[in-house]
Amino acid sequence: MRFLFLIQGEGRGHLTQALSFAALLEKEQHKLVGVVVGKSPRRQVPDFFLQKIGVAVTPVESPNFETDGLEKKILLGKTIRKNLGRIPTYWTSLQKIHALVQETQPEVVVNFYEPLAGFYNLFFAPKIAFWAIGHQYLEGHPEFTFAPNRGLEKFLFRLHTRLTAWGASERLALSFLPKKDCSGVHIVPPLLRQEIKELTASQGDFYLTYMVNPGYAEEVLTFAKNNPEVYIKAFWDKKDASENEYPLPNLSFHRINDQKFLVAMAACKGLICTAGFESVCEAMYLGKPVVMVPIAGQYEQACNALDGEQSGAGKMADFFDFEILTSLSSPDPRHTKGYQEWTESWPTEFRKLVYKKEQISQNESPELVLN
């Protein structure tokens with residue numbers, strides 16, 4: 001079958017998930033025919049993704065969070081205002097997506113939490129199977145824990161998540177641990193690439209950190225100054241940063257390079273990161289303790305941190321608190337092994353999805369219709 005990817009370009013998580021899924025397609029003898037990555041003016045598509053995805057990448061302007069002047073806290077009101085003002089730009093992006101769909105004629109569109117995908121389905125209504133993949137789709141599962149006392153943010157998070165999956169034939173919820181499917185949500189393992197499975201975990205003399213918003217660098221710098229005996233490697237995706245920076249003898253900053261990050265992950269004593277999903281999953285696979293720091297103002301990450309803590313990944317914190325990380329012991333090897341086995345079940349899950357799609361296609365017109 002022919003697949004087209006739509007990917008949210010914020011951070012590295014959705015991009016690495018897409019790389020893993022692309023490798024799975026190749027192994028199962030399917031074809032990736034195109035990739036769209038949603039970007040914003042303050043970020044660029046990382047080189048590691050462009051080099052590894054294997055097909056041409058079409059970047060489009062996409063809705064994104066707006067931060068404060070320190071590039072740290074998400075400002076909800078500013079985010080809404082800015083994105084409403086860019087509606088004509090986003091309409092142009094939807095037209096680019098439609099042109100690519102017409103050109104490549106995919107049988108399945110896979111959305112990695114790109115918000116434009118839902119609007120594309122809504123306004124263009126292509127007669128194509130649409131799979132939505134992301135940890136966020138766990139919000140529709142009865143066992144998912146929401147961050148408390150933030151009713152408006154919870155509503156907006158659920159609304160945004162459901163809009164990204166508008167018209168989806170499959171909502172695939174990536175989960176730290178196995179859960180039973182529920183109505184409308186199919187639980188699947190994390191999408192980890194083969195590179196991390198080939199690494200041998202060790203324990204070096206440094207701690208690893210990764211931050212989506214560069215404003216958190218000040219917290220890391222302050223801790224490193226006050227604790228010169230603690231060595232830290234920090235990765236970020238600050239657009240204008242040098243490839244490598246060494247502000248202190250015990251602290252280095254590196255532009256996000258996926259291979260270097262994974263090698264550092266395998267060798268570190270532990271990870272402290274903003275509370276995304278993918279980096280935490282990689283650390284769990286390698287048996288590393290984790291501290292998860294939700295980005296201020298981003299409700300989704302507050303939920304991620306709760307879910308990670310309840311799943312045995314590590315601890316959540318309000319800031320880049322390395323003291324918590326240094327106090328954590330390595331996870332129980334039995335827990336790590338069970339988690340690794342869960343991640344290895346993706347080929348079986350994928351074949352089930354393909355079989356279901358083929359069964360549905362047999363009962364429909366074979367002709368692809370695009371509105």
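Computed from the coordinates by the stated procedures, all read-outs in this text should not be read as laboratory data. Quick caveat, the model's predicted, so the values are computed rather than measured. Glycine also receives a Cβ, built like all others from the backbone with ideal geometry; neighbour counts cover every protein chain displayed.
Quick notes
- For the listed residue pairs Lys288/Lys337; Lys31/Lys260; Lys52/Lys269; Lys31/Lys357; Lys31/Lys52, the alpha carbons are over 23 angstrom apart in Lys31/Lys260; Lys52/Lys269.
- Using the rule -39500 (n - 2.57) for each DSSP H run of four or more residues, divided by the residues of the chain, the 222 nm mean residue ellipticity is -12000 deg cm²/dmol.
- The Cα trace of the range 102-199 gives Rg and Dmax of 15.0, 47 Å, the first to one decimal, the second as a whole number.
- A simple spin-label model places pseudo-atoms 7 Å from Cα toward Cβ; at Val57 and Asp181 they are separated by 3.3 nm.
- Calculated FRET value between Leu163 and Asn226, using beta carbons and R₀ = 51 Å, to 0.05: 0.70
- Looking at the chain, the DSSP beta bridges with both ends there are about 10 percent antiparallel.
- Three-way shape label, the chain, alpha-carbon gyration tensor, a/c 1.5: prolate
- Debye log10 I(q)/I(0) for the range 195-342, one point scatterer per Cα, at q = 0.10, 0.14, 0.17 Å⁻¹: -0.30, -0.61, -0.92
- Spacing of the modelled spin labels on Lys78 and Thr92, each 7 Å from Cα toward Cβ, amounts to 2.4 nm.
- Each label was represented as a point 7 Å from its Cα along the Cα-to-Cβ direction; for Ser330 and Val354 these points are 3.7 nm apart.
- Summing charges over all other residues whose Cβ lies under 12 Å from the Cβ of Ala173, with Lys and Arg as +1 and Asp and Glu as -1, gives -3.
- Net +/- balance of residues flanking His160 in space, Cβ distance below 13 Å, scoring K and R +1, D and E -1: -2
- Cα gyration tensor shape of the range 30-162, rounded if a/c is under 1.5, else prolate or oblate by comparing a/b with b/c: prolate
- Rounded to the nearest 5, the antiparallel percentage of DSSP beta bridges internal to the range 238-370 is 30%.
- Among Lys352, Lys154, Lys233, the largest mean-square fluctuation in a Gaussian network model of the chain, built with springs joining Cα atoms closer than 10 Å, belongs to Lys352.
- Measuring nothing but how far apart in sequence close Cα pairs (under 8 Å, 6+ apart) lie, relative to its length, the chain scores a relative contact order of 16 percent.
- Counted by neighbouring Cβ atoms within 10 Å, the residues Arg81, Arg12 run from fewest to most as Arg81, Arg12.
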